[in-house]
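Student: Have a look at this one.
The values are calculated or read from the model by the stated rules, or taken from the named source; none is laboratory data. The shown structure was predicted, so the numbers you read here are calculated from the model rather than taken from an experiment. Counting neighbours? That spans all protein chains shown, and the Cβs are built from the backbone with ideal geometry, glycine included.
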Amino acid sequence: MISATWMLSVMLLANPAVAENDRGSRPPPSGVAAGQKVCSAVVPSEWRDSINVPASWNANTCADWARSIGAADYQLGCFFEVRRNTPGFSWGQSASLNGAQRATAPSTNCGW
């Protein structure tokens, strides 16, 4: 028969996330990658479509996606936890897809 201690040891070794100490969450410092990147496509006063994107996306990738779905503007964002079970978000300045100005990274930057 397998002991409970042995099973717990196997579970902790197999999944390091289970063994990690709960340190709580804080908003990441400005300019530090943390949280989830979000790309938002916007047609002002009509619609917005926001998607979670992989770490490999940059502002140009977001702009290309927004253009591909017929948006006029795009915006970079981050979703994160301010502290455990307390969600937070931050948006950068949006930019027109037809202008030379690029969208800015949010103040709480998650890797943009």
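Each row is one residue, and each column tells you yes or no for (1) over 13 Å from Trp112 (Cβ atoms); (2) in a helix (DSSP H, G or I).
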site: Val42; (1), (2): yes, no
site: Ala55; (1), (2): no, no
site: Cys62; (1), (2): no, yes
site: Arg67; (1), (2): yes, yes
site: Tyr74; (1), (2): no, no
site: Gly77; (1), (2): no, no
site: Glu81; (1), (2): yes, no
site: Phe89; (1), (2): yes, no
site: Gln101; (1), (2): yes, no
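Student: Sticking with this structure for a sec: Please determine, by comparing only the residues of the range 49-87 that are among the charged types (D, E, K, R) and farther than 19 Å from Gly99 by Cα, which one is modelled with the highest pLDDT.
Tutor: Only one residue fits best here, namely Asp49.
Student: If a residue must be over 18 Å from Pro44 (Cβ atoms) and touching a residue at least 40 places away in the same chain (Cβ under 8 Å), how many such residues does the range 59-85 contain?
Tutor: 8
Student: Kindly establish whether Arg102 is more than 16 Å from Asn58 (Cα to Cα) and either over 12 Å from the mean Cα position of the chain (by Cα) or of a type in the set (Ser, Thr, Tyr) (or both).
Tutor: No; evaluated as a whole, the condition is false for this residue.
Student: Please enumerate the residues belonging to the range 86-112 that are without any contact (Cβ under 8 Å) to a residue 60 or more places away in the chain and of a type in the set (Phe, Trp, Tyr).
Tutor: Phe89, Trp91
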